[in-house]
Amino acid sequence: MANWKHYETHRRGAACVIDHEQVRDAPYEMGALTTGRQRCFHRHFVKVTMPDGAEFIGQDPYNIRAALFDLDRQLEAHRCILVAAGIEPEFSESGLSHNSGYGYLPNVDHAIHMMDLPPPRLRDWDNDELVSKLIGEAVGGMFSGKPSVT
């Protein structure tokens, strides 16, 4: 790391990363990369440290969420999946929350941090075939005496 770069961490926590089909907690840091003696803002960063010590740093000069997407691309290149609310396509920021790390997801009645786990969602409930199958299994379980949900 060049000595003119200064990583100023604004938030730390644990990120959820799926590494070769194993769910792992990986420490993360996010903040601003500053440069020079005057510590002028250079860009936003999000860094994840894997359990084996490997570090991945996503960066973007304009947007903390874009830095998160950069980090996600790097992890994908190493066959890892970042599970974070900010990766969700429905995640949005308001004018006041922009670049704070906080935003909003549909069906969540409060602000959520981009590194938090996204709430569970039922992706295929609009799929008529899936709904018919679930109803069929539930009705079949009622008459066979076996529980329909395992």
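Data table
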| quantity | calculated |
| --- | --- |
| Selection within the range 30-58 - surrounded by fewer than 16 Cβ atoms within 10 Å (Cβ to Cβ) and either at positive phi or touching a helix residue (DSSP H, G or I) at 6+ places or on another chain (Cβ under 9 Å) (or both) | 36, 39, 53 |
| Test for residue 75: is it out of contact with any Gly (no Cβ under 8 Å at 6 or more places or on another chain), at pLDDT 95 or above, under 22 Å from residue 14 (Cβ atoms) and not in a strand (DSSP E or B) | yes |
| Leading residue by the ranking (nearest to residue 102 (Cα to Cα)) among those in the range 1-29 that are surrounded by 14 or more Cβ atoms within 10 Å (Cβ to Cβ) and modelled with pLDDT under 90 | 24 |
| Residues located in the range 78-87, provided they are assigned to a loop (DSSP other than H, G, I, E, B) and modelled with pLDDT of 95 or more | 84 |
| Selected residue [crowded, with 16+ Cβ neighbours inside 10 Å and without any contact (Cβ under 8 Å) to a residue 40 or more places away in the chain] from 67, 77 | 67 |
| Qualifying positions in the range 46-69 - among the aliphatic types (A, V, I, L, M) and assigned to a helix (DSSP H, G or I) | 64, 66, 67, 68 |
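The values are calculated or read from the model by the stated rules, or taken from the named source; none is laboratory data. The structure presented is a predicted model; accordingly, all values stated were derived computationally and were not measured. Don't worry about glycine lacking a Cβ; one is built from the backbone with ideal geometry, like all the others, and counts go over all protein chains shown.
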